[in-house]
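Only one structure is covered here, and it is reproduced in the block below.
The values are calculated or read from the model by the stated rules, or taken from the named source; none is laboratory data. In this text the structure is predicted, and so the values were computed from the model without any measurement. Cβ atoms come from the backbone with ideal geometry, glycine included; neighbour counts cover every protein chain shown. The area values use the complete protein model at the heavy-atom level, side chains included, leaving out ligands, DNA and RNA. Shrake-Rupley method; radii C 1.70, N 1.55, O 1.52, S 1.80 Å.
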Amino acid sequence: MLLTIVAFIVALGLLIAVHEYGHYRVAVACGVKVLRFSVGFGKPLVRWQPKGSPTEFVIGAFPLGGYVRMLDEREAPVPEAERHLAFNNQSLRKRAAIVAAGPLANLALAVLLYAVVNWSGVQEPRPILASPVAGSVASQAGLHGGELVLAQAQGDDEATPVRSFEDLRWALARGALDGEDVRLTVQSRPGGAERQVLLPLSAMDASQADGTLFRAIGIAGPWTRPVLGGLVDGGAAQRAGLQEGDLVLRVGAVDIVDGAQLRETIRGAVQDGSAVAQSWRIERDGRTLELPVTPDVADEAGRPIGRIGAYVGAPPEMLQVRYGPLEGFALGARRTWEVSVLTLRMMGRMVIGQASIKNLSGPLTIADYAGRSASMGLAQYLAFLALMSVSLGVLNLLPLPVLDGGHLMYYLWEGMTGRAVPEAWMERLQRGGVAVLLLMMTIALFNDITRLIG
(Lines give C-alpha, C1' and ligand atoms only; values in the text may rest on other atoms or scores of the structure.)
Protein backbone atom coordinates (compact mmCIF):
# COMPACT_ATOMS: atom_id res chain seq x y z
CA MET A 1 0.00 0.00 0.00
CA LEU A 2 2.77 2.42 0.95
CA LEU A 3 4.63 1.63 -2.29
CA THR A 4 1.46 2.34 -4.30
CA ILE A 5 0.95 5.72 -2.62
CA VAL A 6 4.60 6.76 -3.03
CA ALA A 7 4.74 5.57 -6.66
CA PHE A 8 1.50 7.42 -7.46
CA ILE A 9 2.63 10.69 -5.84
CA VAL A 10 6.04 10.55 -7.54
CA ALA A 11 4.40 9.85 -10.90
CA LEU A 12 1.90 12.70 -10.56
CA GLY A 13 4.51 15.13 -9.26
CA LEU A 14 6.97 14.40 -12.05
CA LEU A 15 4.44 14.50 -14.89
CA ILE A 16 2.77 17.69 -13.65
CA ALA A 17 6.10 19.40 -12.94
CA VAL A 18 7.38 18.61 -16.44
CA HIS A 19 4.14 19.82 -18.02
CA GLU A 20 4.15 23.12 -16.14
CA TYR A 21 7.89 23.56 -16.68
CA GLY A 22 7.25 23.42 -20.42
CA HIS A 23 4.85 26.35 -20.10
CA TYR A 24 7.20 28.19 -17.74
CA ARG A 25 10.39 27.74 -19.77
CA VAL A 26 8.86 28.89 -23.06
CA ALA A 27 7.06 31.80 -21.36
CA VAL A 28 10.37 33.07 -19.95
CA ALA A 29 12.04 32.57 -23.33
CA CYS A 30 9.28 34.65 -24.95
CA GLY A 31 9.81 37.51 -22.49
CA VAL A 32 6.69 36.92 -20.35
CA LYS A 33 6.84 37.62 -16.63
CA VAL A 34 5.89 34.49 -14.64
CA LEU A 35 4.44 35.25 -11.20
CA ARG A 36 3.97 31.72 -9.84
CA PHE A 37 4.95 28.16 -10.78
CA SER A 38 2.83 25.69 -8.80
CA VAL A 39 2.78 21.90 -8.69
CA GLY A 40 -0.48 21.05 -6.95
CA PHE A 41 -3.44 23.13 -5.83
CA GLY A 42 -4.71 24.37 -2.49
CA LYS A 43 -2.72 25.49 0.52
CA PRO A 44 1.02 25.79 -0.26
CA LEU A 45 3.10 23.24 1.61
CA VAL A 46 6.42 24.61 0.37
CA ARG A 47 7.21 27.90 -1.32
CA TRP A 48 10.40 29.66 -2.34
CA GLN A 49 11.54 32.46 -4.62
CA PRO A 50 15.07 32.45 -6.02
CA LYS A 51 17.00 35.67 -5.51
CA GLY A 52 16.50 38.04 -8.43
CA SER A 53 13.64 35.98 -9.90
CA PRO A 54 10.08 37.35 -10.22
CA THR A 55 8.67 33.83 -9.94
CA GLU A 56 7.42 32.20 -6.74
CA PHE A 57 7.71 28.38 -6.80
CA VAL A 58 5.05 26.47 -4.85
CA ILE A 59 4.16 22.87 -3.98
CA GLY A 60 0.45 22.66 -3.18
CA ALA A 61 -1.41 20.31 -0.85
CA PHE A 62 -3.41 18.58 -3.59
CA PRO A 63 -1.16 17.09 -6.31
CA LEU A 64 -3.89 16.56 -8.95
CA GLY A 65 -2.72 19.36 -11.22
CA GLY A 66 -0.64 22.51 -11.36
CA TYR A 67 -0.45 25.90 -13.02
CA VAL A 68 1.84 28.68 -14.21
CA ARG A 69 0.47 32.16 -13.40
CA MET A 70 1.74 34.81 -15.78
CA LEU A 71 1.39 38.56 -15.81
CA ASP A 72 -1.87 39.19 -17.67
CA GLU A 73 -4.05 42.31 -17.98
CA ARG A 74 -7.19 40.15 -18.10
CA GLU A 75 -6.57 38.95 -14.53
CA ALA A 76 -5.24 42.07 -12.78
CA PRO A 77 -4.08 45.60 -13.57
CA VAL A 78 -0.54 45.73 -15.01
CA PRO A 79 1.78 48.73 -14.56
CA GLU A 80 2.47 50.58 -17.78
CA ALA A 81 6.18 49.79 -17.52
CA GLU A 82 5.45 46.04 -17.53
CA ARG A 83 2.74 45.84 -20.18
CA HIS A 84 5.24 44.38 -22.66
CA LEU A 85 5.83 41.52 -20.20
CA ALA A 86 2.14 40.53 -20.03
CA PHE A 87 1.00 37.31 -21.68
CA ASN A 88 -2.03 38.88 -23.36
CA ASN A 89 0.20 41.43 -25.14
CA GLN A 90 2.40 38.83 -26.82
CA SER A 91 2.11 37.91 -30.49
CA LEU A 92 -0.18 35.07 -31.51
CA ARG A 93 2.83 32.90 -32.32
CA LYS A 94 4.34 33.38 -28.85
CA ARG A 95 1.06 32.72 -27.04
CA ALA A 96 0.50 29.55 -29.02
CA ALA A 97 4.06 28.37 -28.33
CA ILE A 98 3.67 28.94 -24.58
CA VAL A 99 0.38 27.03 -24.44
CA ALA A 100 1.61 24.14 -26.60
CA ALA A 101 4.86 23.80 -24.63
CA GLY A 102 3.23 21.95 -21.71
CA PRO A 103 1.81 18.96 -23.64
CA LEU A 104 4.91 18.85 -25.85
CA ALA A 105 7.09 18.67 -22.74
CA ASN A 106 5.15 15.59 -21.63
CA LEU A 107 5.62 13.96 -25.03
CA ALA A 108 9.34 14.79 -24.95
CA LEU A 109 9.58 13.24 -21.47
CA ALA A 110 7.90 10.08 -22.79
CA VAL A 111 10.49 9.81 -25.58
CA LEU A 112 13.28 10.13 -23.03
CA LEU A 113 11.74 7.61 -20.61
CA TYR A 114 11.14 5.03 -23.34
CA ALA A 115 14.70 5.60 -24.55
CA VAL A 116 16.11 5.06 -21.04
CA VAL A 117 14.17 1.79 -20.77
CA ASN A 118 15.53 0.73 -24.17
CA TRP A 119 19.10 1.64 -23.20
CA SER A 120 19.05 0.04 -19.75
CA GLY A 121 17.33 -3.13 -20.91
CA VAL A 122 14.39 -4.98 -19.45
CA GLN A 123 13.49 -8.60 -18.84
CA GLU A 124 10.61 -9.59 -21.14
CA PRO A 125 9.02 -12.93 -22.09
CA ARG A 126 10.42 -14.64 -25.16
CA PRO A 127 7.88 -14.49 -28.05
CA ILE A 128 6.87 -18.15 -27.89
CA LEU A 129 3.10 -18.57 -28.30
CA ALA A 130 0.88 -20.33 -25.81
CA SER A 131 -1.92 -22.56 -27.04
CA PRO A 132 -4.49 -20.27 -28.69
CA VAL A 133 -7.97 -19.87 -27.26
CA ALA A 134 -10.38 -22.29 -28.95
CA GLY A 135 -12.31 -20.64 -31.78
CA SER A 136 -10.10 -17.54 -31.74
CA VAL A 137 -8.49 -15.81 -34.70
CA ALA A 138 -5.12 -17.41 -33.92
CA SER A 139 -6.62 -20.88 -33.65
CA GLN A 140 -8.45 -20.54 -36.97
CA ALA A 141 -5.25 -19.22 -38.59
CA GLY A 142 -3.48 -22.51 -37.82
CA LEU A 143 -1.45 -21.66 -34.73
CA HIS A 144 -1.21 -24.47 -32.18
CA GLY A 145 1.07 -23.11 -29.45
CA GLY A 146 4.82 -23.42 -28.99
CA GLU A 147 5.60 -21.38 -32.13
CA LEU A 148 8.45 -18.86 -31.91
CA VAL A 149 7.50 -15.53 -33.53
CA LEU A 150 10.39 -14.07 -35.52
CA ALA A 151 8.78 -11.09 -37.26
CA GLN A 152 5.47 -9.32 -37.86
CA ALA A 153 4.02 -7.00 -40.48
CA GLN A 154 0.85 -4.92 -40.37
CA GLY A 155 -1.12 -4.72 -43.62
CA ASP A 156 1.23 -4.24 -46.55
CA ASP A 157 4.11 -2.92 -44.42
CA GLU A 158 7.52 -4.56 -44.42
CA ALA A 159 8.13 -7.16 -41.73
CA THR A 160 9.93 -6.03 -38.59
CA PRO A 161 11.66 -8.31 -36.06
CA VAL A 162 9.79 -9.34 -32.91
CA ARG A 163 12.25 -9.32 -30.03
CA SER A 164 9.89 -10.11 -27.16
CA PHE A 165 6.32 -11.06 -26.37
CA GLU A 166 5.59 -7.44 -25.46
CA ASP A 167 6.63 -6.43 -28.99
CA LEU A 168 4.12 -8.96 -30.32
CA ARG A 169 1.29 -7.78 -28.06
CA TRP A 170 1.89 -4.19 -29.12
CA ALA A 171 1.80 -5.16 -32.81
CA LEU A 172 -1.44 -7.12 -32.33
CA ALA A 173 -3.13 -4.28 -30.42
CA ARG A 174 -2.09 -1.79 -33.09
CA GLY A 175 -3.33 -4.05 -35.87
CA ALA A 176 -6.68 -4.68 -34.20
CA LEU A 177 -7.31 -1.00 -33.43
CA ASP A 178 -6.16 0.06 -36.90
CA GLY A 179 -8.35 -2.58 -38.55
CA GLU A 180 -5.32 -4.11 -40.31
CA ASP A 181 -4.40 -7.76 -40.78
CA VAL A 182 -1.12 -8.86 -39.19
CA ARG A 183 1.31 -11.32 -40.81
CA LEU A 184 3.50 -13.35 -38.49
CA THR A 185 6.70 -15.19 -39.40
CA VAL A 186 6.92 -18.15 -37.03
CA GLN A 187 8.90 -21.30 -36.41
CA SER A 188 6.89 -24.34 -35.29
CA ARG A 189 9.59 -24.73 -32.66
CA PRO A 190 12.79 -22.78 -31.98
CA GLY A 191 15.23 -23.70 -34.75
CA GLY A 192 12.54 -25.29 -36.94
CA ALA A 193 11.26 -24.35 -40.41
CA GLU A 194 9.77 -20.88 -40.92
CA ARG A 195 6.26 -20.21 -42.16
CA GLN A 196 3.88 -17.29 -42.62
CA VAL A 197 0.63 -16.98 -40.68
CA LEU A 198 -2.01 -14.34 -41.47
CA LEU A 199 -4.17 -13.06 -38.61
CA PRO A 200 -7.27 -11.35 -40.15
CA LEU A 201 -7.63 -8.71 -37.44
CA SER A 202 -9.40 -6.33 -39.83
CA ALA A 203 -12.59 -8.37 -39.33
CA MET A 204 -12.47 -8.08 -35.53
CA ASP A 205 -14.47 -5.91 -33.19
CA ALA A 206 -11.74 -4.06 -31.30
CA SER A 207 -14.07 -2.04 -29.09
CA GLN A 208 -12.38 -3.41 -25.96
CA ALA A 209 -8.63 -2.66 -25.92
CA ASP A 210 -7.96 -4.93 -22.97
CA GLY A 211 -7.52 -8.59 -22.08
CA THR A 212 -10.80 -9.40 -23.85
CA LEU A 213 -9.28 -8.24 -27.12
CA PHE A 214 -6.28 -10.54 -26.78
CA ARG A 215 -8.51 -13.48 -25.84
CA ALA A 216 -10.51 -12.87 -29.03
CA ILE A 217 -7.27 -12.79 -31.01
CA GLY A 218 -6.25 -15.95 -29.19
CA ILE A 219 -2.80 -14.81 -28.08
CA ALA A 220 -3.24 -13.91 -24.44
CA GLY A 221 0.19 -14.80 -23.09
CA PRO A 222 3.54 -16.47 -23.76
CA TRP A 223 4.14 -20.22 -23.56
CA THR A 224 4.59 -21.63 -20.07
CA ARG A 225 4.99 -25.13 -18.60
CA PRO A 226 1.68 -26.42 -17.12
CA VAL A 227 3.00 -26.35 -13.55
CA LEU A 228 0.99 -25.29 -10.50
CA GLY A 229 2.25 -22.44 -8.37
CA GLY A 230 0.99 -21.13 -5.04
CA LEU A 231 -2.31 -22.60 -3.82
CA VAL A 232 -5.11 -20.71 -2.08
CA ASP A 233 -6.05 -22.13 1.31
CA GLY A 234 -9.34 -23.99 1.00
CA GLY A 235 -9.39 -23.66 -2.79
CA ALA A 236 -10.36 -26.41 -5.21
CA ALA A 237 -6.72 -27.31 -5.89
CA GLN A 238 -5.92 -27.78 -2.21
CA ARG A 239 -9.11 -29.75 -1.58
CA ALA A 240 -8.19 -32.11 -4.45
CA GLY A 241 -4.76 -32.81 -2.97
CA LEU A 242 -2.79 -30.89 -5.58
CA GLN A 243 0.51 -29.33 -4.53
CA GLU A 244 2.74 -26.51 -5.65
CA GLY A 245 5.14 -27.79 -8.33
CA ASP A 246 2.79 -30.43 -9.75
CA LEU A 247 3.21 -30.82 -13.53
CA VAL A 248 -0.17 -31.42 -15.20
CA LEU A 249 0.03 -34.01 -17.99
CA ARG A 250 -3.60 -34.65 -18.85
CA VAL A 251 -7.10 -33.49 -17.90
CA GLY A 252 -9.70 -36.07 -18.83
CA ALA A 253 -8.84 -37.27 -22.34
CA VAL A 254 -6.93 -34.08 -23.26
CA ASP A 255 -3.13 -33.95 -23.17
CA ILE A 256 -1.96 -30.68 -21.61
CA VAL A 257 0.96 -29.01 -23.38
CA ASP A 258 1.17 -25.59 -21.71
CA GLY A 259 -0.19 -23.35 -18.99
CA ALA A 260 -2.58 -21.46 -21.26
CA GLN A 261 -4.30 -24.68 -22.37
CA LEU A 262 -4.62 -25.77 -18.75
CA ARG A 263 -6.17 -22.43 -17.76
CA GLU A 264 -8.71 -22.70 -20.59
CA THR A 265 -9.54 -26.28 -19.60
CA ILE A 266 -10.18 -25.16 -16.02
CA ARG A 267 -12.26 -22.15 -17.11
CA GLY A 268 -14.43 -24.37 -19.28
CA ALA A 269 -15.20 -26.90 -16.53
CA VAL A 270 -18.68 -25.44 -15.97
CA GLN A 271 -21.95 -26.82 -17.30
CA ASP A 272 -25.35 -25.22 -16.68
CA GLY A 273 -23.77 -23.03 -14.01
CA SER A 274 -22.29 -25.94 -12.05
CA ALA A 275 -18.71 -27.21 -11.88
CA VAL A 276 -17.82 -30.38 -13.76
CA ALA A 277 -15.54 -32.90 -12.04
CA GLN A 278 -12.28 -33.57 -13.94
CA SER A 279 -9.73 -36.38 -13.78
CA TRP A 280 -6.21 -34.96 -13.66
CA ARG A 281 -3.01 -36.83 -14.40
CA ILE A 282 -0.03 -35.10 -12.80
CA GLU A 283 3.68 -35.70 -12.32
CA ARG A 284 5.07 -35.16 -8.82
CA ASP A 285 8.62 -36.00 -7.77
CA GLY A 286 9.01 -38.38 -10.71
CA ARG A 287 5.73 -40.20 -9.95
CA THR A 288 2.52 -40.10 -12.00
CA LEU A 289 -0.70 -39.59 -10.04
CA GLU A 290 -4.40 -39.50 -10.92
CA LEU A 291 -6.51 -37.04 -8.92
CA PRO A 292 -10.18 -35.99 -9.22
CA VAL A 293 -10.49 -32.18 -9.35
CA THR A 294 -13.73 -30.19 -9.18
CA PRO A 295 -13.12 -26.48 -9.88
CA ASP A 296 -14.99 -23.74 -8.06
CA VAL A 297 -17.41 -21.61 -10.07
CA ALA A 298 -16.64 -17.89 -10.41
CA ASP A 299 -18.31 -15.08 -12.31
CA GLU A 300 -16.48 -13.23 -15.07
CA ALA A 301 -18.43 -10.44 -16.79
CA GLY A 302 -21.69 -12.27 -16.09
CA ARG A 303 -20.41 -15.63 -17.34
CA PRO A 304 -19.64 -18.60 -15.03
CA ILE A 305 -16.09 -19.95 -15.30
CA GLY A 306 -14.06 -22.53 -13.44
CA ARG A 307 -11.28 -21.65 -10.97
CA ILE A 308 -9.09 -23.93 -8.84
CA GLY A 309 -7.47 -21.40 -6.49
CA ALA A 310 -3.90 -21.86 -7.68
CA TYR A 311 -1.39 -20.09 -9.88
CA VAL A 312 -1.45 -22.00 -13.17
CA GLY A 313 1.65 -22.05 -15.37
CA ALA A 314 5.34 -21.64 -14.61
CA PRO A 315 6.99 -18.25 -15.27
CA PRO A 316 7.62 -17.82 -19.02
CA GLU A 317 11.08 -17.99 -20.55
CA MET A 318 12.60 -14.52 -20.24
CA LEU A 319 15.24 -12.62 -22.17
CA GLN A 320 17.02 -9.30 -21.78
CA VAL A 321 15.94 -6.73 -24.37
CA ARG A 322 18.40 -3.85 -24.77
CA TYR A 323 19.08 -1.35 -27.59
CA GLY A 324 22.00 0.88 -28.55
CA PRO A 325 21.99 4.69 -28.09
CA LEU A 326 20.60 5.73 -31.48
CA GLU A 327 18.27 2.77 -31.95
CA GLY A 328 16.96 3.08 -28.41
CA PHE A 329 16.19 6.77 -28.84
CA ALA A 330 14.58 6.24 -32.25
CA LEU A 331 12.41 3.45 -30.86
CA GLY A 332 11.46 5.68 -27.91
CA ALA A 333 10.29 8.39 -30.30
CA ARG A 334 8.44 5.83 -32.41
CA ARG A 335 6.71 4.30 -29.40
CA THR A 336 5.66 7.75 -28.17
CA TRP A 337 4.15 8.54 -31.57
CA GLU A 338 2.37 5.19 -31.80
CA VAL A 339 0.93 5.45 -28.29
CA SER A 340 -0.23 9.01 -29.03
CA VAL A 341 -2.00 7.93 -32.21
CA LEU A 342 -3.61 4.92 -30.53
CA THR A 343 -4.75 7.10 -27.61
CA LEU A 344 -6.42 9.55 -30.00
CA ARG A 345 -8.05 6.74 -31.95
CA MET A 346 -9.41 5.14 -28.81
CA MET A 347 -10.79 8.49 -27.63
CA GLY A 348 -12.37 9.02 -31.04
CA ARG A 349 -13.94 5.56 -30.96
CA MET A 350 -15.35 6.21 -27.50
CA VAL A 351 -16.90 9.48 -28.70
CA ILE A 352 -18.69 7.81 -31.64
CA GLY A 353 -19.61 4.72 -29.63
CA GLN A 354 -17.27 2.23 -31.31
CA ALA A 355 -15.32 1.65 -28.10
CA SER A 356 -16.55 1.24 -24.55
CA ILE A 357 -16.21 4.11 -22.08
CA LYS A 358 -15.12 1.40 -19.62
CA ASN A 359 -11.64 1.93 -21.07
CA LEU A 360 -11.42 5.29 -19.26
CA SER A 361 -9.28 5.05 -16.13
CA GLY A 362 -9.20 7.38 -13.17
CA PRO A 363 -6.80 8.08 -10.30
CA LEU A 364 -7.52 4.81 -8.42
CA THR A 365 -6.62 2.63 -11.40
CA ILE A 366 -3.59 4.77 -12.20
CA ALA A 367 -2.41 4.52 -8.59
CA ASP A 368 -2.85 0.74 -8.71
CA TYR A 369 -0.83 0.48 -11.93
CA ALA A 370 1.83 2.78 -10.47
CA GLY A 371 2.27 0.51 -7.46
CA ARG A 372 2.32 -2.66 -9.55
CA SER A 373 4.87 -1.33 -12.03
CA ALA A 374 7.09 0.01 -9.23
CA SER A 375 7.05 -3.40 -7.53
CA MET A 376 8.19 -5.03 -10.80
CA GLY A 377 11.32 -2.90 -11.10
CA LEU A 378 12.65 0.45 -12.28
CA ALA A 379 12.34 -0.29 -16.00
CA GLN A 380 8.65 -1.22 -15.69
CA TYR A 381 7.98 1.89 -13.60
CA LEU A 382 9.71 4.13 -16.14
CA ALA A 383 7.65 2.54 -18.93
CA PHE A 384 4.51 3.25 -16.88
CA LEU A 385 5.59 6.88 -16.43
CA ALA A 386 6.19 7.17 -20.18
CA LEU A 387 2.70 5.86 -20.92
CA MET A 388 1.13 8.28 -18.42
CA SER A 389 3.19 11.16 -19.83
CA VAL A 390 1.89 10.42 -23.33
CA SER A 391 -1.67 10.24 -22.02
CA LEU A 392 -1.31 13.58 -20.21
CA GLY A 393 0.21 15.24 -23.26
CA VAL A 394 -2.45 13.94 -25.65
CA LEU A 395 -5.31 14.73 -23.25
CA ASN A 396 -4.17 18.34 -22.90
CA LEU A 397 -4.03 18.75 -26.68
CA LEU A 398 -7.72 17.86 -27.06
CA PRO A 399 -9.79 20.84 -28.27
CA LEU A 400 -11.65 21.24 -24.98
CA PRO A 401 -11.81 24.91 -23.89
CA VAL A 402 -10.46 24.27 -20.37
CA LEU A 403 -7.42 22.41 -21.72
CA ASP A 404 -4.36 23.63 -23.60
CA GLY A 405 -5.87 22.31 -26.82
CA GLY A 406 -8.90 24.53 -26.28
CA HIS A 407 -6.70 27.63 -26.05
CA LEU A 408 -4.89 26.55 -29.21
CA MET A 409 -8.32 26.26 -30.84
CA TYR A 410 -8.99 29.89 -29.87
CA TYR A 411 -5.66 30.94 -31.37
CA LEU A 412 -6.43 29.05 -34.58
CA TRP A 413 -9.66 31.02 -34.87
CA GLU A 414 -7.76 34.24 -34.19
CA GLY A 415 -5.16 33.41 -36.82
CA MET A 416 -7.82 32.58 -39.43
CA THR A 417 -10.15 35.55 -38.78
CA GLY A 418 -7.76 38.18 -37.46
CA ARG A 419 -9.80 38.72 -34.31
CA ALA A 420 -9.99 37.04 -30.92
CA VAL A 421 -12.90 34.86 -29.81
CA PRO A 422 -15.52 37.12 -28.16
CA GLU A 423 -15.52 37.05 -24.35
CA ALA A 424 -19.16 35.92 -24.22
CA TRP A 425 -18.40 32.91 -26.42
CA MET A 426 -15.29 32.07 -24.42
CA GLU A 427 -17.34 31.99 -21.20
CA ARG A 428 -19.91 29.64 -22.75
CA LEU A 429 -17.21 27.39 -24.18
CA GLN A 430 -15.37 27.32 -20.85
CA ARG A 431 -18.53 26.21 -19.04
CA GLY A 432 -19.15 23.53 -21.65
CA GLY A 433 -15.56 22.35 -21.42
CA VAL A 434 -15.74 22.10 -17.64
CA ALA A 435 -18.94 20.05 -17.92
CA VAL A 436 -17.36 17.62 -20.41
CA LEU A 437 -14.23 17.27 -18.29
CA LEU A 438 -16.26 16.63 -15.12
CA LEU A 439 -18.30 14.01 -16.98
CA MET A 440 -15.11 12.25 -18.13
CA MET A 441 -13.70 12.33 -14.59
CA THR A 442 -16.96 10.96 -13.16
CA ILE A 443 -17.02 8.08 -15.66
CA ALA A 444 -13.34 7.32 -15.00
CA LEU A 445 -13.89 7.29 -11.24
CA PHE A 446 -16.98 5.06 -11.64
CA ASN A 447 -14.88 2.66 -13.74
CA ASP A 448 -12.20 2.66 -11.02
CA ILE A 449 -14.71 1.77 -8.31
CA THR A 450 -16.31 -0.91 -10.51
CA ARG A 451 -12.91 -2.53 -11.09
CA LEU A 452 -12.09 -2.46 -7.38
CA ILE A 453 -15.35 -4.03 -6.20
CA GLY A 454 -15.44 -6.43 -9.16
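Can you confirm whether segment 172-184 contains a residue that is among the acidic types (Asp, Glu), modelled with pLDDT under 90, in a helix (DSSP H, G or I) and open to solvent by 10 Å² or more (accessible area, probe 1.4 Å)?
Yes, segment 172-184 contains at least one residue that is among the acidic types (Asp, Glu), modelled with pLDDT under 90, in a helix (DSSP H, G or I) and open to solvent by 10 Å² or more (accessible area, probe 1.4 Å).
Among the numbered criteria (1) within 23 Å of Asn396 (Cα to Cα); (2) open to solvent by less than 60 Å² (accessible area, probe 1.4 Å); (3) not in a strand (DSSP E or B), which one does Gly60 miss?
(3)
Residues checked against (1) over 30 Å from Gln380 (Cα atoms); (2) small (Gly, Ala, Ser); (3) over 24 Å from the mean Cα position of the chain (by Cα):
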residue	(1), (2), (3)
Ile9	no, no, no
Val18	no, no, no
His23	no, no, yes
Ala27	yes, yes, yes
Arg36	yes, no, yes
Leu45	yes, no, yes
Thr55	yes, no, yes
Pro63	no, no, no
Ala76	yes, yes, yes
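Might you let me know whether segment 305-320 holds any residue that is crowded, with 20+ Cβ neighbours inside 10 Å, hydrophobic (A, V, I, L, M, F, W, C) and within 16 Å of Ala110 (Cα to Cα)?
No - not one qualifying residue is present in segment 305-320.
Out of segment 402-424, which residues are modelled with pLDDT under 80 and open to solvent by 100 Å² or more (accessible area, probe 1.4 Å)?
Glu423
Does segment 215-234 hold any residues that are surrounded by fewer than 17 Cβ atoms within 10 Å (Cβ to Cβ) and either under 30 Å from Asp167 (Cα atoms) or not hydrophobic (A, V, I, L, M, F, W, C) (or both), and which are they?
Those that are surrounded by fewer than 17 Cβ atoms within 10 Å (Cβ to Cβ) and either under 30 Å from Asp167 (Cα atoms) or not hydrophobic (A, V, I, L, M, F, W, C) (or both): Arg215, Arg225, Gly229, Gly230, Asp233, Gly234.
Which one of these does Ile128 not meet: (1) of a type in the set (A, V, I, L, M); (2) over 30 Å from Leu398 (Cα atoms); (3) modelled with pLDDT of 90 or more; (4) open to solvent by 30 Å² or more (accessible area, probe 1.4 Å)?
(4)
How many residues are of a type in the set (A, V, I, L, M, F, W, C) and part of a helix (DSSP H, G or I) if we restrict to segment 1-45?
Within segment 1-45, residues that are of a type in the set (A, V, I, L, M, F, W, C) and part of a helix (DSSP H, G or I) number 19.
Does Glu80 satisfy being open to solvent by less than 60 Å² (accessible area, probe 1.4 Å) and either without any contact (Cβ under 8 Å) to a residue 24 or more places away in the chain or among the acidic types (Asp, Glu) (or both)?
Here the answer is no, as Glu80 does not meet what is asked.
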